[in-house]
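Down below is the structure, laid out as structure tokens.
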Amino acid sequence: MLLLLGIAPAGAASTADNDARGGTGTAHGTGAHIDFTSWQGPADWNSGAATGLTVLPGRHTGMIMTHRAGTRDVTDAAGETASWEYATWTSPVAELDFGATELVASWAASTPGRSWVSVEVQGHYTDGTTTPWYVLGQWSDDDAVPRSSVEGQTDGRSEILTDTLVVTAPGTGDSTADTDDAADADDSRLTGYRLRATTYRQPGSLVMPRVWMIGAMASRVPARTEVEPSAGGIAWGEQLAVPQRSKNIHPAELEEFGGGPDWSSPAAVTMVLEYFGVVPARADMAWIEPGYTDPQVAHAAKMTWDHAFRGTGNWSFNTAYASSFPELEAFVTRLHSLDDVERLIDAGIPVVTSQSFREGELDGAGYATSGHLMVVTGFTENGDVIVNDPAARSNVSVRRVYDREQFEKVWLRTVRPLADGELGSGSGGVVYIIKPHHLDLPDVERATW
């Protein structure tokens with residue numbers, strides 16, 4: 001099991017079976033509690049309960065569906081109902097040392113032919129009760145079912161908002177309202193959770209969908225409009241040669257997948273894939289007209305399109321797409337500061353960050369956004385942030401340099417002022433980590449990967 005407790009001292013490199021490691025606490029200056037836990041090796045799979053799934057020996061081999069646990073009728077996002085054979089794996093309980101208010105899942109799966117996977121979570125409240133089994137995503141790396149989140153899931157104390165399980169604080173309606181450890185005594189916090197992966201295939205089929213990894217980032221980030229600037233100095237003067245890809249060169253006629261102007265997330269993911277030498281097979285992109293510029297970005301948009309959300313910004317779907325390439329692993333988490341990002345840059349790993357801001361809050365951007373993804377590629381000699389910003393009008397203008405304190409603020413804050421005087425939300429430090437299996441994650445301040 002791989003643990004990222006965003007609250008513990010430096011971690012060791014991965015072991016062959018990704019054995020458990022980690023600790024507890026909070027990072028200085030942020031007040032955030034973050035825990036990433038994943039299952040991805042034979043020892044991890046054998047720690048859970050499997051029916052119809054067989055654990056394969058070796059590293060990065062996963063579990064495959066060898067026989068059915070049963071047959072189930074499922075209605076997909078398009079409203080079509082079909083009968084499917086299924087098999088399941090359920091994790092042991094991941095215990096948390098704090099009361100979490102949010103959870104985002106990550107997974108890596110292969111779904112050949114007419115097969116797909118559903119990822120679910122059951123949260124454990126402080127008072128000993130549990131949430132329902134919430135569906136966090138219906139995923140296929142082909143077109144067996146429309147990839148989609150599932151709307152309308154709630155038990156009155158928590159709900160699913162596209163890709164995130166959100167616990168609502170009583171009397172506030174704000175999942176980030178608490179600012180101290182007294183929140184852990186609240187019976188509407190999560191002290192643990194279980195994940196479940198269910199693989200599906202057509203009745204009588206012999207295809208074997210496979211799951212390589214399943215995990216989740218649980219967190220509680222205090223409501224904050226400002227953040228304490230990080231010290232820096234870890235990767236100043238370093239820059240990774242990440243390819244530049246603009247979302248705005250893509251025509252709007254692909255509006256069945258949102259159209260280019262909404263493709264910041266798939267464009268950002270594509271840049272990191274290409275940095276590591278990964279490009280979709282030409283046959284997989286055959287649906288795109290010949291001569292299309294940067295078809296790999298359009299393909300990523302198709303592969304991350306959430307048919308329920310009607311967009312390409314589902315965080316879990318973007319890392320699931322990156323993880324569908326066997327040479328890569330990817331997951332969604334939060335980081336505490338730009339110091340953490342610097343450690344990743346120093347290790348040769350670009351970082352995809354999620355931020356929102358008004359025009360003028362990030363000097364040089366020239367636009368406003370309620371949610372946008374960029375790729376941090378390095379830092380200047382004085383610590384300012386070098387990014388590949390997909391909002392650029394052309395590929396050659398994608399590289400930008402943003403003021404360090406401004407960037408850290410719009411990325412880490414959870415509450416932001418809107419132009420009309422109302423308040424909006426921020427990502428609270430959300431990132432995509434995408435890297436090859438052989439490349440070790442660095443030690444992150446007060447965190448263990």
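Looking only at residues in segment 236-276 that are assigned to a loop (DSSP other than H, G, I, E, B), within 24 Å of the chain's Cα centre (by Cα) and among the small types (Gly, Ala, Ser), which one is modelled with the lowest pLDDT?
Gly259
Considering each of Ala108, Ala100, Ala94 in turn, give the residue that is within 21 Å of Asp163 (Cβ to Cβ), crowded, with 19+ Cβ neighbours inside 10 Å and in contact with a helix residue (DSSP H, G or I) (Cβ under 8 Å, 6 or more places away or on another chain).
One residue alone meets the criteria, Ala108.
Just need a number here: residues in segment 279-310 that are in a loop (DSSP other than H, G, I, E, B) and of a type in the set (Lys, Arg).
Counting residues in segment 279-310 that are in a loop (DSSP other than H, G, I, E, B) and of a type in the set (Lys, Arg) gives 1.
If I ask for residues that are more than 17 Å from Val135 (Cβ to Cβ) and surrounded by 13 or more Cβ atoms within 10 Å (Cβ to Cβ), which ones from segment 67-87 would you list?
Across segment 67-87, the qualifying residues are Arg68, Ala69, Glu85.
Within segment 420-434, restricting attention to residues that are crowded, with 23+ Cβ neighbours inside 10 Å and not aromatic (Phe, Trp, Tyr), which residue is farthest from Leu328 (Cα to Cα)?
Gly426
Would you tally the residues in segment 262-278 being surrounded by 12 or more Cβ atoms within 10 Å (Cβ to Cβ), farther than 20 Å from Asp142 by Cα and without any contact (Cβ under 8 Å) to a residue 40 or more places away in the chain?
1
Taking Met63 and the conditions (1) surrounded by 19 or more Cβ atoms within 10 Å (Cβ to Cβ); (2) under 21 Å from the mean Cα position of the chain (by Cα); (3) within 20 Å of Ala322 (Cα to Cα), which numbered condition does it fall short on, given that it satisfies the others?
If we test Met63 against (1) surrounded by 19 or more Cβ atoms within 10 Å (Cβ to Cβ); (2) under 21 Å from the mean Cα position of the chain (by Cα); (3) within 20 Å of Ala322 (Cα to Cα), just (2) comes out false.
Just the residues that are free of Cβ contacts under 8 Å to residues at least 24 places away in the same chain and closer than 16 Å to Asn248 by Cβ, please, taken from segment 279-294.
Of everything in segment 279-294, just one residue is free of Cβ contacts under 8 Å to residues at least 24 places away in the same chain and closer than 16 Å to Asn248 by Cβ, namely Tyr292.
I'd like to verify a number: residues in segment 395-404 that are surrounded by fewer than 16 Cβ atoms within 10 Å (Cβ to Cβ) and not hydrophobic (A, V, I, L, M, F, W, C), how many?
Of the residues in that region, 2 qualify.
Please work out if Val352 is over 23 Å from Ala108 (Cβ atoms) and in contact with a strand residue (DSSP E or B) (Cβ under 6 Å, 6 or more places away or on another chain).
no
Looking at Ser356, Ser324, Ser394 in this structure, which one is under 21 Å from Lys435 (Cα atoms) and either hydroxyl-bearing (Ser, Thr, Tyr) or at pLDDT 95 or above (or both)?
Every option except Ser324 fails the conditions.
Within segment 407-419, which residues are surrounded by fewer than 18 Cβ atoms within 10 Å (Cβ to Cβ) and not in a strand (DSSP E or B)?
Leu418, Ala419
The values are calculated or read from the model by the stated rules, or taken from the named source; none is laboratory data. Computed from a prediction, not measured in an experiment: that's the story for all the values here. Don't worry about glycine lacking a Cβ; one is built from the backbone with ideal geometry, like all the others, and counts go over all protein chains shown.
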